[in-house]
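Values in this text are rule-based calculations from the coordinates and carry no lab data. Quick caveat, the model's predicted, so the values are computed rather than measured. FYI the Cβ positions are ideal-geometry reconstructions off the backbone, even for glycines, and counts take in every protein chain you see.
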Ligand SMILES: *Cc1c(COP(=O)(O)O)cnc(C)c1O
């Protein structure tokens, strides 16, 4: 195979898989439930521009990001959509949030007053979300202290009260704690006057939540992140019926092959001393591209349809693999770190087990040095 057109390392983004995942998610969501697509951290490392574009083509019109800067990036691609900023806004970011009509998350009265004053001075109204801390201990007003803030939100003239939400701390591990958080949240929601409540998007669930979503009233929105990018939902969750397809594959190349004698030390700190003569291939990607150092001496990559072991330490720019059992390996060969190749596959879960990380982290750790190559792009 001629591989000379390929980079040293790249992430293949299969938009056709992404689209099928979106369609599957849409098909199981009950009517009237708003699909908020979480596209923070550059669309979980997939490239937010193309990701948002494809979501729009599939009829998804609400997005969530972590901060104002990300919100402005999405606004550029999605001029009409609602864009939720999930994290706190710094004072110096408020101006941009108002200008780009982002829906900001509020956790206290001072923030609400500041946004109200700024919007008034600009002759605008700003949509806001109220974040309730039901036991994550991160953002949001503590659930027992929410009432005065709710009253203030309703009273401040330049704030448009759009949504109320909470975030589960252990949706994938503790059904019991998730239920407790859900009840605390519902207690807050119940105290909002009906006329106001009827207009709100009310949401708590991320991809892993939703196991108790069947009792869904008054929930009318979900924030879906990792599932869209192909990570399978846990057993028994609302989305467990659908089997999403991985969107991203992570690949690199063999830059050099050589044979080292028994007793030679491999890579920094001599983390591996060879017990036999070894044919070593140098893969042109390292932790500077997104291979975790924890994968040293542990991970397996795919070359020519066979799994081969990583030996020695992952370094910034290179990683060594043992190709003694693969005499046909050649300089220029494609090396698959995550994804399918010639009937073999390394799942993101295996990559994470070797790399001591979680799938979210592995995806967003693929660095800027790694170009994203899109499959299935549509001309506009
Ligand atoms: C990231 C995030 C999500 C999406 O979570 P996934 O597990 O990727 O589905 C939802 N809500 C909030 C507040 C988040 O920060």
Where the centre of each part is set by its Cα atoms, how far does segment 316-345 sit from segment 248-296, in angstrom?
11 Å
Roughly how tilted is helix 68-77, in degrees to the nearest 10 and between 0 and 90, from the longest Cα axis of the chain?
80 degrees
So how long is each side of segment 71-137 along the principal axes, counting just the alpha-carbon atoms, biggest first, in Å?
34, 26, 18
How high is the FRET efficiency from residue 258 to residue 358, r the C-beta distance, R0 45 Å, rounded to 0.05?
0.80
How big, on average over all directions, is the shadow cast by the Cα convex hull of segment 1-99, in nm²?
8.8 nm²
Would you mind pulling out the separation of the Cα centroids of segment 126-199 and segment 62-88, in Å?
20 Å
Let a ≥ b ≥ c be the square roots of the eigenvalues of the Cα gyration tensor of segment 248-375; is it rounded (a/c under 1.5), or, if not, prolate (a/b larger than b/c) or oblate?
prolate
If r is the Cβ-Cβ distance from residue 240 to residue 160 and R0 is 45 Å, what FRET efficiency results, to the nearest 0.05?
0.80
Taking Cα pairs under 8 Å and at least six residues apart, what relative contact order does the chain come out at, in percent?
18 percent
Helix 15-28 sits off the longest principal axis of the Cα atoms of the chain, rounded to the nearest 10 on a 0 to 90 degree scale, by 40 degrees
Please give, to one decimal in nm, the separation of the simple spin-label points placed at residue 194 and residue 16, each 7 Å out from Cα toward the Cβ.
5.2 nm
Extension gain (nm, one decimal) between residue 373 and residue 92, 0.36 nm per residue minus Cα-Cα
97.7 nm
Length released on extending from residue 276 to residue 117, taking residue separation times 0.36 nm less the Cα-Cα span:
50.0 nm
Within the chain, helix-based [θ] at 222 nm, where runs of 4 or more DSSP H residues each add -39,500 (n - 2.57), nearest 500
-7500 deg cm²/dmol
So what's the angle, to the nearest 10 degrees on a 0 to 90 scale, between helix 175-190 and the longest Cα principal axis of the chain?
30 degrees
Length gained, residue 61-residue 27, 0.36 nm per residue minus C-alpha separation, equals 10.7 nm
Just check segment 31-229 against the gyration tensor rule for me: Cα atoms, a ≥ b ≥ c as the square roots of the eigenvalues, rounded for a/c under 1.5, and otherwise prolate or oblate depending on whether a/b exceeds b/c.
oblate
